[in-house]
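Where a number appears in this text, it was derived from the coordinates with a stated rule and is not lab data. In this text the structure is predicted, and so the values were computed from the model without any measurement. In this analysis, Cβ positions are derived from the backbone assuming ideal geometry, glycine residues included, and neighbour counts consider all displayed protein chains.
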Amino acid sequence: MAAKKRPTVAIVMGSKTDWPVMEFTRNTLKEFGIESTVKVMSAHRTPHEATEFAENAVKNGYQVIIGAAGGAAHLCGVLAGHTILPVIGVPVKGWSLDGMDSLLSTVQMPKGVPVATVAIGKAGAINAAILAVQIMGTADAALRRKMTAYKKAMAKEVLAADAELQKELEG
Ligand code: RP5
């Protein structure tokens, strides 16, 4: 039996309620053959665990951390403050303000500690995975080839949708 690959990406969510969105991240990574660890850890509710996880992330073989949180979304900033790995932040829609609170509290990091913040919600969850693949692809030719194929497939889909629309408009 082949040994299971060690995960290179960590997905860290502030709550299990973020999972319906962050499942898109895990599934997109899987499309590229990338294993991920998924953890629930909160900057506010379990600050010790979140800090410890980030501090040990390099030692544990991770190359990228993807964080996700809603509301006063400090998780990604805390993770970024405790690791030298790139941290990608997904703002999750909270219970009010339509995700603007999560977006601003994730993106507005002080100089020296970036969080690569993607779009709010599902699009961001998918893009976080794509960005992680692109980051890791800088040192991995096979991943770069997969990214090229992914982009080609995406373009093909758009062109097919356009052809279908043109037909409908003509008919
Ligand atoms: C954040 O608060 C979590 O990331 C989640 O998006 C939000 C609400 O958490 P729950 O109250 O649903 O656990 O920390």
*What does the charge add up to near Val40, with Lys and Arg as +1, Asp and Glu as -1, over the other residues with Cβ less than 9 Å from its Cβ?*
+1
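Taking the convex hull of the alpha carbon atoms in the chain, what volume per residue do you get, in Å³?
About 158 Å³ per residue, rounded to a whole number.
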_With a cut-off of 8 Å between alpha carbons and a minimum separation of six or more residues, what is the relative contact order of the chain in percent?_
20 percent
*Does segment 20-110 come out rounded, prolate or oblate by the C-alpha gyration tensor, with a ≥ b ≥ c the root eigenvalues, rounded set by a/c under 1.5 and, if not, prolate when a/b is larger than b/c and oblate if not?*
oblate
*asked:* Test of the criteria: in segment 1-109, which GluC sites (Glu not before Pro) are in a DSSP loop and have at most 14 other Cβ atoms within 10 angstrom of their Cβ?
replied: Glu35
*Would you please put 78-89, 127-138, 106-117 in order of how densely packed they are, using the mean number of other Cβ atoms within 10 angstrom per residue and starting with the highest?*
78-89, 127-138, 106-117
*Taking a ≥ b ≥ c as the square roots of the eigenvalues of the Cα gyration tensor of segment 71-171, is the shape rounded (a/c under 1.5), prolate (a/b larger than b/c) or oblate?*
oblate
*asked:* Could you compute the net charge surrounding Arg144? Neighbours are other residues with a C-beta less than 14 Å from the C-beta of Arg144; K and R count +1, D and E count -1.
replied: +3
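Arrange the peptides 61-67, 153-159 so that the one whose residues have, on average, the most other Cβ atoms within 10 Å appears first.
61-67, 153-159
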*At Lys16 and Glu55, where each label point lies 7 Å from the Cα along Cα→Cβ, what is the point-to-point distance in nanometres?*
2.7 nm
*Work out which helices of the chain, taken as complete DSSP H runs, extend at least 27 Å along their axis over the Cα atoms and score a mean Kyte-Doolittle of -1.0 or more, then list them.*
141-170
